[in-house]
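Data block below; observations after.
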Amino acid sequence: MPDQVTPERVAAIAAAARVPIQPGAEARIAQAVGPTAARFAAIDLAMPLEIEPSSFVVVQRAELDR
Amino acid sequence: MTDPAMLSLKDAASAIRRRKVSSLELTKALLKRIEAWQPVINAFVRVEADEAIRAARAADRALARGSAKGPLHGVPLAHKDMYYVKGKPAGCGSKVREGFIAPATSTAIAKLEAAGALRLGALHMAEFAYGPTGHNTYLGNACNPWDKSCITGGSSSGSGAAVAARLTPAALGSDTGGSIRLPAHFCGVTGYKPTNGRVSRANALPLSFTLDSVGPLAQTAEDCALIAAAITGPDPLDPTTAGAPAWDARAAKRSPKGLTIGVPTSFYVDDLEADVAAALEAALAEFRKLGARIVKVDLPDQTAVAAAALIVLAVEATACHAPWLRTRAADYGPQVRNRLENGLAYSAVQYLEALRWRGPSLAAHLEAIGKVDVIVAPASRAVAPTIAATDVGAGAGAEAAIQAITRFMRPVNYLGLPALVVPAGQSQQGLPIGLQLIGRPFGDEILMALGAAFQDVTDHHRRIPTLP
């Protein structure tokens, strides 16, 4: 499903984070991050359920045995 | 004799050890150059001349007693103003940190001091290390010593400019999205971004705890290896370094014969300026002559990797700064404030998916490169643009402009790979061109070996800008 970053979504996440943004900044932020969010959404992220952020270290450290 | 300020780190340390040059002579020579260059390039935020002179005299006395502290005994260095030294200011390029006095010394600085290095002062940087050009609206811009109308690259702007102008033999920078490699490329010096987890980040300013890395800019790969030997290794204050291998000085001096070098078939070679493309071809010819085997590699889609990197960086930077964004937002420069606000647009699930994908993404990268030891790629598609042309400030196109400059940087940070930028040519206008040697995880020493061999047969790293 494509990712459409809207000013309304930006305003909602900022409010949830309790971080005030500059007046009228929602549209600028949505425009700035839109291409990155869309590119990321297009990646096939089908990963085994067991993968977690620290799995990176396992892959990285395997090189030490190479 | 040669001006001591021109000596590489290795030669300066050797000259002091053999008493060919005193620490005091070297320190005075560097201070003299700083005095001349600082009004032109604004590379320092603080020069600690009196303390440096006192420390140099003490280092000379210690050497006379036969008690050299370590391999960098008596060599004065300056570092990016984000490495904390207990009791000293660390402004981090921002009004927000005005008046901040560091409560502890960063591990990297402590290790350099244990190796005998002294301190000349603190170097300029982009605000909170969050800017790839070197612009700083609060403290003024650092300028490129090759052409003061051009950017230094950032965020380690002062580190790149100061090493290029021979104001310090080496300097620590930091690299979260290219902040060591870009200034190395734009200023014509050698810059080393270590494998994530090899160098402690303790008591250095954080930007993104996943992507940050600490490393040096210096004249040569051998100089970077000297710094790496001092600062790599486990540190209880930074758990990501647990189990990190010690520096292997022998491996860093191996012959490049038999190494396999990969050249990407896309992304890093797309839309290059002619001078950059020519520098890449010339470097590959040198590597062939040195006995390396050159092969083409099809890397996984780097735009996807870069997108994941951008999400991780944006969210972690915003999380670090959230308390100040709630209370002191007006004290940030407009571009950094905007970029920090951008991090609010991503959801928690997006961020964690970007983090989860890091391991599989590294596995895919390693599968794609097979037995390749080092990938050689440009650091940027172009030489240093002007400060005016990149003065995008907080405008609507700022994020796109920033991403264009950092295009070849972000995948390396996301994948946690080591990289070494070496000067490899110059444009027709005389601006430096750097190439990045990208290694396998923990293959840092091979990068140094290849970089040193390249610098043995080329002289791009010996070019020095002249004072305008």
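What the table below lists for this structure:
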{"read-out": "Tally, over segment A:23-60, of residues that are more than 7 Å from chain B (Cβ to nearest Cβ) and more than 16 Å from residue A:8 (Cβ to Cβ)", "value": "11"}
{"read-out": "Residue B:425 vs. criteria crowded, with 24+ Cβ neighbours inside 10 Å, touching a His at 6+ places or on another chain (Cβ under 8 Å) and within 20 Å of residue B:147 (Cβ to Cβ)", "value": "no"}
{"read-out": "Sole exception among (1) under 8 Å from the mean Cα position of the chain (by Cα); (2) on the phi > 0 side of the Ramachandran plot for residue B:191, by number", "value": "(2)"}
{"read-out": "Helices (runs of 4 or more DSSP H) completely within segment B:325-405 that count 1 or more residues being under 22 Å from residue B:150 (Cβ atoms), facing another protein chain (nearest Cβ under 9 Å) and of a type in the set (S, T, N, Q)", "value": "B:398-405"}
{"read-out": "Set B:93, B:116, B:160, B:134: member being over 20 Å from residue B:393 (Cβ atoms) and part of a loop (DSSP other than H, G, I, E, B)", "value": "B:116"}
{"read-out": "Flag for residue B:417 being within 12 Å of chain A (Cβ to nearest Cβ), surrounded by 20 or more Cβ atoms within 10 Å (Cβ to Cβ), under 19 Å from residue B:195 (Cα atoms) and at pLDDT 95 or above", "value": "yes"}
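The values are calculated or read from the model by the stated rules, or taken from the named source; none is laboratory data. Keep in mind it's a predicted model, so treat the numbers as computed, not measured. Counting neighbours? That spans all protein chains shown, and the Cβs are built from the backbone with ideal geometry, glycine included.
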